[in-house]
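Have a look at the structure below, then the notes.
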């Protein structure tokens, strides 16, 4: 490559690279919402954040590289035209074909790089990004719990509430309420002073370990219904205290993208019909814990 070719090539290459960096940053900024959502909800490491950015980069370069080439060519020739360099070249007898030759080389190299990214690199990195996001989703349960807000979903037969939490061996909480709603007319309430939950079974099950609590079961009103051991009255309830108890509850399947979870705040939304039944049963269960002596005491059991 002669000195003139190198000069023209440099004139379009430098602004093209600057445009590539700027455009790539702008497009990545538009996709920063997903990255921030991953950082907030999944608590990834620095290496995982870097992998997510690196795997997203080829798909962005496929879009920004042609625009950067165009901006580089326009900027380079505009500068040469403003300094009358293009006029001097034509006056020296240099043809337009001779001037355009390094520009065609620059555009051809960019086209080859874009095709390689489109055909080979971008599909592979997109697959790697999906695998990495799935692996990060499996690190934490696919639910979003907030202090002093009931977590409930229409497809899950249980509700969960806790007062405050701290991270450690799983997520530890002080003050927990677990409501079993398999039978909406007779929900079971479990109160615990302390608790800890962690995902198991490839993040398909939530394992709850509750300490210093009690379970309150409403006895069935039907005379011929099956009653739990200890239910002696059709209008009564059963209070079972425990020192440590383990509960396993099914979780919704994880998704490839982080989605929002339906959470109903007790002070923001009106109570539904099922919630009114729970609220009417809750005072009875809490009164029972203070007035009825414990029926059974255990060290560990799994429901």
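I'd like the full set of residues that are in a strand (DSSP E or B), surrounded by 15 or more Cβ atoms within 10 Å (Cβ to Cβ) and either modelled with pLDDT of 80 or more or in contact with a helix residue (DSSP H, G or I) (Cβ under 9 Å, 6 or more places away or on another chain) (or both), limited to region 187-204. Listed by number, the residues that qualify are 188, 189, 190, 191, 192, 194, 195, 196. For residue 74, the stated conditions hold: it is modelled with pLDDT of 90 or more, out of contact with any helix residue (DSSP H, G or I) (no Cβ under 6 Å at 6 or more places or on another chain), in the same structural domain as residue 118 (by TED's automatic domain parsing) and farther than 25 Å from residue 124 by Cβ.
The values are calculated or read from the model by the stated rules, or taken from the named source; none is laboratory data. Predicted model only: the values in this text are computed from it and were never measured. Please note: Cβ atoms are built from the backbone with ideal geometry, for glycine as well, and neighbour counts cover all protein chains shown.
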